[in-house]
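*Asks:* Take a look at the following structure, please.
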Amino acid sequence: MEQVLVRASRVYEVIIGAGVLSELGLRTAALIRGRRAVIVTDSNVGPLYGEQAAETLRQEGFSVETFTFPAGEASKNPGTLLEVLTFFAKAELTRQDVVIALGGGVTGDLAGLAASLYLRGVPCIQVPTSLLAMVDSSVGGKTAVDLPEGKNLVGTFTQPYLVLCDITTLDTLPREVFEEGMAEVIKYGMIRSKELLELLLTEDAERKRERVIAQCVRLKRDVVAEDEQDFGERQILNFGHTLGHAIEREMNYKLFHGDCVAIGMAIMTRALVRDGRCPESCEKILEKLLKKYQLPNNTDLPSERILAAARADKKRRGESITLIEPKTLGNCVLVKTDFAELARLLELGR
């Protein structure tokens, strides 16, 4: 078992290991004064792990109710958010009680946002069950829902009280869902860790998942500690996301988030190599890893559609946006870029 301490506006632990879901009730009881819990989960994860999570809580004296929503990004919207908040009210949740986010990135974002808004803040414990959620979205306090105009446009920065990553839940993931999570893993290597890139190249990440997840969490912890509110260095975590989110939106969320991020990273890296601003080794290693983990590296979407969607990106500042540019393996920098330059790079990297 790996334990990572995150020091942000709230200090909390990320626990990573096999079978740690069985410790949910005990660890929650140690952190929470109240004894009401609402589990928020989706229609895929709930039937697999919902009752196990609820039973561990009941064993510690919690009364438990469960809100289940239809699985998929389409549910990550203000309408579902309002349904969750109404469910909290009917469950008579108080500030001393707890919300358990049980599922992947959509569940974590949705439940985390609902918990941050209800009564101006109810404790939330993240129990991610996908690789993407374990290495990225469950840690760092970003919560959000989408609008038709763009992804993650309504949200808060609210740190969880605990993150519990039971790696055995990854055994029930469809292969393509595990692979999309690898896009975020590769991202961490590209932005901050040549060592992680070497591990991903020489080993099977699935067999080394506890080590890989812990390494990604530590990298994110360090970035969040530097810039919790995403005004500076934390934007480094958005490598591939400006184009990725735009592609995701234009595909009506029919393509996995991780697949879109992979495409965004590949287009930007190719563009910068061709522009002479990035060594060829960055493109070579990235493309090799995307191929190894069955991730896409391009899209047939017209560039003008991608660019138009990118203008709705939440990181936009006036007529510019901050792009993340790889300089060497394991080292990226933030570069303020106007949309004319983004359009040029997009064409160059296709």
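The values are calculated or read from the model by the stated rules, or taken from the named source; none is laboratory data. Note that this is a predicted model, so its numbers are computed, not measured. Cβ atoms come from the backbone with ideal geometry, glycine included; neighbour counts cover every protein chain shown. The area values use the complete protein model at the heavy-atom level, side chains included, leaving out ligands, DNA and RNA. Shrake-Rupley method; radii C 1.70, N 1.55, O 1.52, S 1.80 Å.
*Asks:* Could you work out the helix-only [θ] at 222 nm for the chain, with each DSSP H run of four or more residues adding -39,500 (n - 2.57) and the total divided by the number of residues, to the nearest 500 deg cm²/dmol? Walk me through the intermediate numbers first.
*Replies:* Numbers: 12 runs with 147 residues, N = 350.
Rounded to the nearest 500, the figure is -13000 deg cm²/dmol.
*Asks:* Note down the accessible area of M265, probe 1.4 Å, to the nearest 10 Å².
*Replies:* Counting only protein heavy atoms, M265 exposes about 0 Å² to solvent.
*Asks:* Hey, another quick one. How large is the accessible surface per residue of region 227-295, computed with a 1.4 Å probe and reported in Å² as a whole number?
*Replies:* On the way: 2610 Å² over 69 residues.
Heavy-atom accessible area per residue stands at 38 Å².
*Asks:* On to the next question. Quick check: at a probe of 1.4 Å, how many percent of the accessible area of the chain sits on carbon and sulfur atoms? Intermediate results must be reported in sequence, preceding the final value.
*Replies:* Details: 6820 of 13870 Å².
In the chain, the share of accessible area belonging to carbon and sulfur is 49 percent.
*Asks:* Then there is this: Per residue, how many Å² of accessible area does region 101-225 show with a 1.4 Å probe? Display every interim value, and only then the final one.
*Replies:* Details: 3830 Å² over 125 residues.
Here the residues of region 101-225 average 31 Å² of exposed surface.
*Asks:* A follow-up question, please. Over the heavy atoms of Y253, what accessible area does a 1.4 Å probe trace out, to the nearest 10 Å²?
*Replies:* 60
*Asks:* Holding the Cα-Cα limit at 24 Å, pick out from K288/K327; K291/K315; K142/K220; K288/K314 the pairs that are longer than that. All intermediate terms of the calculation are to be shown ahead of the outcome.
*Replies:* Values: K288/K327 18 Å; K291/K315 29 Å; K142/K220 12 Å; K288/K314 30 Å.
From K288/K327; K291/K315; K142/K220; K288/K314, over 24 Å: K291/K315; K288/K314.
*Asks:* Right, next: Along the positive direction of the dipole of the chain (beta-carbon charges: Lys, Arg +1; Asp, Glu -1; about the Cα centre), which of G34, F231, P78 reaches farthest?
*Replies:* The residue sitting farthest along the positive end of the dipole is F231.
*Asks:* Let me know the Kirkwood hydrodynamic radius for region 1-145, please, with Cα pairs as the basis and the value in Å to one decimal.
*Replies:* Numbers: mean 1/r = 0.0668 Å⁻¹.
For region 1-145, inverting the mean 1/r across all distinct Cα pairs yields 15.0 Å.
*Asks:* Rounded, prolate or oblate: which one fits region 73-114, using the alpha carbon gyration tensor with axes a ≥ b ≥ c (rounded when a/c is under 1.5, else prolate when a/b beats b/c, else oblate)?
*Replies:* Since a/c reaches 1.5 but b/c is at least a/b, the shape of region 73-114 is classed as oblate.
*Asks:* Mind ranking K76, K291 by accessible surface for me, highest first, 1.4 Å probe?
*Replies:* Numbers: K76 5, K291 160 Å².
So, going from the largest accessible area down, we get K291, K76.
*Asks:* Can you list the residues of region 129-144 with backbone N under 19 Å from a point 7 Å past the Cα of R10, pointing along Cα to Cβ?
*Replies:* Under cut-off, by backbone N: 129, 133-144.
*Asks:* Mind checking the per residue accessible area of region 31-73 for me, 1.4 Å probe, whole number of Å²?
*Replies:* Details: 2100 Å² over 43 residues.
Solvent-accessible surface per residue comes out at 49 Å².
*Asks:* Assuming a ≥ b ≥ c are the square roots of the Cα gyration tensor eigenvalues, decide whether region 177-288 counts as rounded (a/c under 1.5), prolate (otherwise, with a/b larger than b/c) or oblate. Mind dumping the intermediate values first?
*Replies:* Numbers: a/c = 1.18, a/b = 1.13, b/c = 1.05.
In terms of gyration-tensor shape, rounded.
*Asks:* Follow-up. Under the classification rounded if a/c is under 1.5, otherwise prolate if a/b is larger than b/c and oblate if not, where does region 100-150 fall, given a ≥ b ≥ c as square roots of the Cα gyration tensor eigenvalues?
*Replies:* Working: a/c = 2.06, a/b = 1.13, b/c = 1.83.
Oblate, since a/c reaches 1.5 and b/c is not below a/b.
*Asks:* Hey, got the dipole for the chain? About the Cα centre, +1 on K and R Cβ, -1 on D and E Cβ, debye to the nearest 20? Kindly include the intermediate steps, with their values, before the conclusion.
*Replies:* Details: 44 positive and 49 negative charges, 128 e Å.
Roughly 620 debye for the chain.
*Asks:* Please state the charge dipole magnitude for region 110-245, taken about the Cα centre, from unit charges on C-beta atoms (+1 on K and R, -1 on D and E), reported in debye and rounded to the nearest 20.
*Replies:* On the way: 15 positive and 21 negative charges, 51 e Å.
Dipole about the Cα centre, nearest 20: 240 debye.
*Asks:* Let me understand the chain better: what is its radius of gyration from the alpha carbons, and its Dmax, in angstrom?
*Replies:* Cα-based Rg and Dmax for the chain come out at 19.5, 62 Å.
*Asks:* Working from the alpha-carbon coordinates of region 289-341, get Rg over Rh, Rh being the Kirkwood radius. Can you show the working numbers first?
*Replies:* Values: Rg = 13.8 Å, Rh = 13.3 Å.
Ratio value, two decimals: 1.04.
*Asks:* While we're looking at this one, here's another question. When DSSP assigns beta bridges and you keep just the ones with both residues in the chain, what percent turn out antiparallel, to the nearest 5? Let's see the in-between values first.
*Replies:* On the way: 20 of 43 bridges.
Counting DSSP beta bridges with both partners in the chain, the antiparallel share is about 45 percent.
*Asks:* I would also like to ask the following. For the pairs K90/K151; K76/K284; K90/K187, flag any whose C-alpha to C-alpha distance is greater than 31 Å.
*Replies:* Details: K90/K151 29 Å; K76/K284 35 Å; K90/K187 41 Å.
Flagged as over cut-off: K76/K284; K90/K187.
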